[in-house]
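The structure appears right after this line, and notes come after that.
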Amino acid sequence: MLIKRKYMTILPVLAFAALLIAGFIVSFLSLKAVPSEDWVELRKPAHILSGESTRRFTRLLNQHFVLGSTFNQIERGMLWNLTGDLGPSVRAGCSEWLFLADELTLHPDRNKSAEFRAVLAAQLASRLKQRGIKLLVVVVPDKTRIENAHLCSLRRSVLFDKRLVNWLALLKPHGIETLNLTAVLAGTPGERYYRTDTHWNETGAYAAAETVAARLSDLQWAALAAGGTLPEAVRIERSGDLIHLAGLDGLPGFLRPGMERVQATEVAPVTVESDDLFGDAGLPAIALIGTSYSRNSNFVPFLEHKLGEPVANLAKDGGDFSGAATAFFAGATFRDNPPKVVVWEIPERVIEMPIKDDERKWLETLVKASL
């Protein structure tokens, strides 16, 4: 028993020594990842005397810390489980419903930003018209607007109530064809957006695709397909992008919001055997530019199914207002094989975001030169 007590007194010392050694090893491995040019800056006499070397050393160690991502995930998990905090980009609504903080943010100069983007859209429409290309602007309402019954303690400003209507009114004098998906999504039964994701689910995407197809048909820019059925959907488990944005995706399932069981459909691509495709690249007559909404939940496959013809999906994840548009219209695909119709999908939340330098440059380009 005395021997055991003797070892028990040594254990804390051994544990402390082990921690010191582990800390030394981790720090050594972390500092090995620091680029050599950064070490040169640390050795400059002026930086040493001013204390700048010490500050830089601390910053470099934190920046290259090999266990940094692990500790960050542990911190995020603790904050979520103890306080319900999801970080700066995500907000929690009712019962594991998550929402993007941007949808609840009143941006400075938001009206000026909206007016600027209306001018940008009008300028693009004018340039496309010069080339005989038709444009349909489709706006996707915020998740917080459509799934407002699941906001609970979250508050969406009343100043957003008429945001879409007001912005589309700015486009009307320019003769731009527009489609506001608010009414159709609000009138669709059930959940239309994923609980833990920014985007619409297949129910919302199908309703949106059906409405876009009908509008293109009404404008006589495309024809609706005759009949045709989709394969039966299956139910799968899915973790949304808001889980990732909150930094919780690396945690065990019991420490983060639960997986969703959602509908998933395998939609076969639409092919045509005719001369309806043009150019060597075979770009479909309809091109779609937009954001990750158009890359989720089979929105474009559903649209193709309704039209019975391929749609070139040129949407871009994280494209915000004009990321996909600037890339497409500046590229060789548009230059060599322009489509007949462009569908521009725009999320509501990006309309009032602060204007980016790329958008200002694009407007300048559109004003000075044709597409």
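Is one or more of the residues making up the range 111-127 under 20 Å from the mean Cα position of the chain (by Cα) and assigned to a strand (DSSP E or B)?
Restricting attention to the range 111-127, the residues satisfying the condition of being under 20 Å from the mean Cα position of the chain (by Cα) are 113-114, 117.
Still in the running and assigned to a strand (DSSP E or B): none.
No, the conditions are met nowhere in the range 111-127.
Being of a type in the set (D, E, K, R) and in a helix (DSSP H, G or I): is that true of R156 here? Give the derivation first.
Numbers: of a type in the set (D, E, K, R): yes; in a helix (DSSP H, G or I): no.
No: the conditions fail for R156.
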Only one of L283, L314 that is modelled with pLDDT of 95 or more and either hydroxyl-bearing (S, T, Y) or farther than 27 Å from R235 by Cα (or both):
L314
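Within the range 131-144, can one find any residue that is loosely packed, with under 14 Cβ neighbours inside 10 Å and assigned by TED's automatic domain parsing to the domain that holds L288? First the steps, then the outcome.
Within the range 131-144, the first condition is being loosely packed, with under 14 Cβ neighbours inside 10 Å, and the residues that meet it are 131-132.
Keeping just the survivors that are assigned by TED's automatic domain parsing to the domain that holds L288 gives 131-132.
Yes, some residue in the range 131-144 is loosely packed, with under 14 Cβ neighbours inside 10 Å and assigned by TED's automatic domain parsing to the domain that holds L288.
Listed here are the residues, each with its yes/no results for (1) among the polar types (S, T, N, Q); (2) out of contact with any helix residue (DSSP H, G or I) (no Cβ under 7 Å at 6 or more places or on another chain); (3) touching a residue at least 60 places away in the same chain (Cβ under 8 Å).
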{"site": "L171", "(1), (2), (3)": "no, no, no"}
{"site": "I176", "(1), (2), (3)": "no, no, no"}
{"site": "Y193", "(1), (2), (3)": "no, no, no"}
{"site": "W221", "(1), (2), (3)": "no, yes, yes"}
{"site": "G227", "(1), (2), (3)": "no, yes, no"}
{"site": "L242", "(1), (2), (3)": "no, yes, yes"}
{"site": "L255", "(1), (2), (3)": "no, no, yes"}
{"site": "R261", "(1), (2), (3)": "no, yes, no"}
Counting only residues in the range 193-224 that are among the hydroxyl-bearing types (S, T, Y) and not in a loop (DSSP other than H, G, I, E, B), the one farthest from D142 (Cα to Cα) is identified as S217
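Given the criteria of a type outside the set (S, T, N, Q) and more than 22 Å from S292 (Cβ to Cβ), does W200 qualify?
On the way: of a type outside the set (S, T, N, Q): yes; more than 22 Å from S292 (Cβ to Cβ): no.
Against the criterion (of a type outside the set (S, T, N, Q) and more than 22 Å from S292 (Cβ to Cβ)), W200 does not qualify.
Would you check which residues across the range 128-150 are touching a strand residue (DSSP E or B) at 6+ places or on another chain (Cβ under 7 Å) and outside any helix (DSSP H, G or I) and list them? Give the derivation first.
Let us first name the residues in the range 128-150 that are touching a strand residue (DSSP E or B) at 6+ places or on another chain (Cβ under 7 Å), namely 128, 133-140, 143-144, 146-147.
Hits for the range 128-150 are I133, K134, L135, L136, V137, V138, V139, V140, E147.
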Of the residues that make up the range 256-266, is at least one within 20 Å of the chain's Cα centre (by Cα), closer than 19 Å to D142 by Cα and not in a loop (DSSP other than H, G, I, E, B)?
no
Which of the helices (runs of 4 or more DSSP H) contained wholly in the range 282-357 include at least 1 residues that are closer than 29 Å to L159 by Cβ?
299-307, 323-329
Residues of the range 228-255 being in a loop (DSSP other than H, G, I, E, B) and among the small types (G, A, S), in sequence order, are G228, A233, S239, G240, A246, G247, G250
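With the structure loaded, tell me whether T333 is modelled with pLDDT of 95 or more and out of contact with any Ser or Thr (no Cβ under 8 Å at 6 or more places or on another chain) or whether it fails that test.
Numbers: modelled with pLDDT of 95 or more: no; out of contact with any Ser or Thr (no Cβ under 8 Å at 6 or more places or on another chain): yes.
No, not satisfied.
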Output yes when any residue across the range 88-102 is without any contact (Cβ under 8 Å) to a residue 60 or more places away in the chain, within 22 Å of the chain's Cα centre (by Cα) and in a helix (DSSP H, G or I), and no when none is.
yes
Boolean, S157 is surrounded by 15 or more Cβ atoms within 10 Å (Cβ to Cβ) and of a type in the set (S, T, Y):
no
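The values are calculated or read from the model by the stated rules, or taken from the named source; none is laboratory data. Remember, predicted model here, so these are calculated numbers, not experimental data. Virtual Cβ from ideal backbone geometry, glycine too; neighbours counted across all protein chains shown.
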